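Report on one structure; see the data block that follows.
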Amino acid sequence: MANPPSSIPSRRILLQGGLAGLAALMCKPLLVGCDSTGTQSTSSTGSTSSGGVTELPWKPPVARPKLVSRIAEIGPLSDTPDENGVRVPAGFTARVVARTNEAPMAGSDFKWHIAPDGGATYPLEDGGWIYVSNSEVPLAGGVGALRFDASGALVSAYSILANSSVNCAGGPTPWGAWLSCEEVARGRVFECDPRGEIQAVERPALGIFKHEAAAVDPKLHHVYLTEDEDDGCFYRFTPDRIASYGYADLSSGKLEVAAVDANGAVTWHELPDPIYEKGIATRKQVAAATLFDGGEGIWYHEGIVYFSTKGDGRVWAYDVNASTLSVLYDAKTAANPILKGVDNLTVSCCGDVLVAEDGDDMQIVAILPNGELKPIMQIMGHDKSEVTGPAFDPSGTRLYFSSQRGNASGGITYEVTGPFHAPG
C-alpha cells in the first residue's frame, strides 16, 4: 500500500512553512434504533425491500439562508478569557449551553453526554435549529441533541442514538440526517434523525472499520469517509439507488478506497469485503490503497472535500470533478504553524475552512480562501482536552463546539455569537 505523496500542489495557496486510553472495541453489526428518549430498538420505520431497510421517511430539509462570510474581517482574540474561559475577538460573546452529566434544561431528566465530539446543525420550519453532538465513550455512546427556537433560546434536549460505542465524528447529509460514526476497530455508521422522530438505523454498506467522519456530495451522491488509523484509508461510497427524496439511499452500494499518485491524481478501487466478514480489515484489502496518518474531520463544499490527518498535521482538499488531491495546509512546513493537532472541521458558506485543535492551545483556526490563518476562538485552562464539533447555526452568527473533557470536570458545549457571516 502506498503512502500519500509528500508534496502535492495545493488547489489554493499552499501555506509556507478520542478519549485517552480507549481500547479498540469489537462490535458485532446489528440494526439499532432509538426513539427521542434514547430507548434502544431493533426495528425501524421506513420502506423496505428484499435487502432490508432502504429509505427512511425524511421530511424535506429546510433551506439555509444565503450568507456571505465576514471571517476575514475578524480581529485578534482578546488578551484575556471571558468568565467561561474562552478568548474571542471584539464583538463576539461566548456562553455555555450544556455540560456533561447535567440537564441542559431545568426540569429535564435528560443529561448531556460524556465526551461530546463531532456535531452539526439543522434548520427548522419555525426558524429555530438543532445542534447534534456525538458521545465518544465505549458501549454507552450515542448522540445528543439541543433544540433552539428562533431567538436562540434552548427549548429542548434529548437523545437520538444510544448504546453505540465511541461515537467520534460523523457528518450531516443534504436530506437532513446525521451520520454518526463509531471509532472502534469494527465501527459502524448510523443514520440518525436530529428531530428524534425517526429511529436511527445502522448503515453497514458504509463500511465496518474505525470510522472518524463522513461527508456527502449532494450532486454526485457520493459519501466520503475518513478512518482514524495511522495507516488508514480515504473511502468513497456510491449508492445503488437514489431515494425518493432525491439523495443517496445508504442501504446498499459500492465502497472504494483511494489510491493517489505522485501528481495527486486519485484512482478509486472497490473493496472486496467492505463489511469486514473475512478477517482482513478494510484498509488492508487493496494493495494499491494510499495510507493516511490518522484521518479526522471531513466536509464537502462546492465540489471540494476537505479532510484532516492528525498524525502528520495536514488538511487535504479533494476535487471531486478533477479526481485530484492536494495539500491545503501542512503544519510541519508552515512558516507560522499556529494551527496544530488538526481534527474536526467545518467550512463556512464561502470556503473558509475552520479546523478544531486536538490539544495544542485549544483553538479553532480558520484557513481563509487566500491561505491566511485566523484564530477565531480559544479555550483556556483545558490543557488535557480537545476542541470538537464546530458547526454554524443557519444564520451563520452562532458557532457551536465543545471541549471534550473540559478542565478535568467533564465535557462542555459552547456557543460563540458574533458577525461570522452577514445575510447574502
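The values are calculated or read from the model by the stated rules, or taken from the named source; none is laboratory data. Just so it is clear, the model here is predicted, and its values are computed rather than measured. Positions of Cβ are backbone-derived with ideal geometry, glycine not excepted, and every protein chain shown enters the neighbour counts. Note: accessible area is taken over every heavy atom of the protein model, side chains too, but ligands, DNA and RNA are not part of it. Shrake-Rupley method; radii C 1.70, N 1.55, O 1.52, S 1.80 Å.
For residue 377, the residues 5 or more places off, or on other chains, whose built amide H falls under 5 Å of its own are 364. Annotation: per residue accessible area for the chain equals 37 Å², rounded to a whole number [probe 1.4 Å, protein chains only]. Just the number, please: carbon plus sulfur as a percent of the accessible area of the chain, 1.4 Å probe, no ligands or DNA/RNA counted. Carbon plus sulfur share of accessible area: 51 percent. Among the chymotrypsin sites (Phe, Trp or Tyr not before Pro) found in segment 68-127, not one is both in a DSSP coil and sparsely packed, with 16 or fewer other Cβ atoms within 10 Å of its Cβ.
For trypsin sites (Lys or Arg not before Pro), the sites in segment 321-402 that DSSP calls loop and that have at most 16 other Cβ atoms within 10 Å are 332, 384.
The phi torsions of segment 66-74, fed into the Karplus equation with coefficients 6.51, -1.76 and 1.60 and a -60° offset, translate into couplings of 6, 10, 10, 7, 10, 5, 4, 8, 5 Hz, rounded to whole numbers, with Gly and Pro shown as x. Loop-located GluC sites (Glu not before Pro) in segment 167-270 (DSSP state not H, G, I, E or B) with no more than 15 neighbouring Cβ atoms inside 10 Å: 197.
Under the rule a/c < 1.5 gives rounded, and otherwise a/b versus b/c splits prolate from oblate, where does segment 85-158 land using the Cα gyration tensor? It is oblate, given that a/c is not under 1.5 and a/b is not larger than b/c. Size of segment 158-236: Rg and Dmax of its alpha carbons, in Å, are 12.0, 38.
Backbone geometry of segment 286-300 corresponds, through the Karplus equation with coefficients 6.51, -1.76 and 1.60 at θ = phi - 60°, to 3J(HN,Hα) couplings of 10, 4, 7, 4, 7, 9, 10, 8, x, x, 10, x, 8, 8, 9 Hz, x marking Gly and Pro. Residues in segment 185-195 carry Karplus couplings, in order, of 4, 10, x, 10, 10, 10, 8, 10, 9, x, 6 Hz; the curve used is 6.51 cos²θ - 1.76 cosθ + 1.60 with θ = phi - 60°, and Gly or Pro positions show x.
Note on the chain: lysine pairs with Cα distance below 14 Å, sequence gap of 8 or more or different chains, count 7. Each principal axis of the Cα cloud of the chain was evaluated for its coordinate range; sorted largest first, these ranges are 56, 52, 43 Å. In this structure, the amide hydrogen of residue 290, modeled 1.01 Å from its nitrogen in the peptide plane, lies closer than 5 angstrom to those of 2, 258, 259, 260, counting only residues at least 5 positions away or on a different chain. Take the Cα coordinates of segment 270-424, assign each an equal point scatterer, and use the Debye formula without solvent to give log10 I(q)/I(0) at q = 0.09, 0.11, 0.15, 0.16 Å⁻¹. Debye intensities relative to I(0), on a log10 scale: -0.33, -0.49, -0.85, -0.94. Which of rounded, prolate or oblate describes segment 184-224 when judged by the alpha-carbon gyration tensor and an a/c cut-off of 1.5? Taking the square roots of the gyration eigenvalues as a ≥ b ≥ c, segment 184-224 is oblate. List the relative contact order of segment 214-254 as a percent without decimals, with contacts defined as Cα pairs under 8 Å and 6+ residues apart. Relative CO of segment 214-254 lands at 29 percent.
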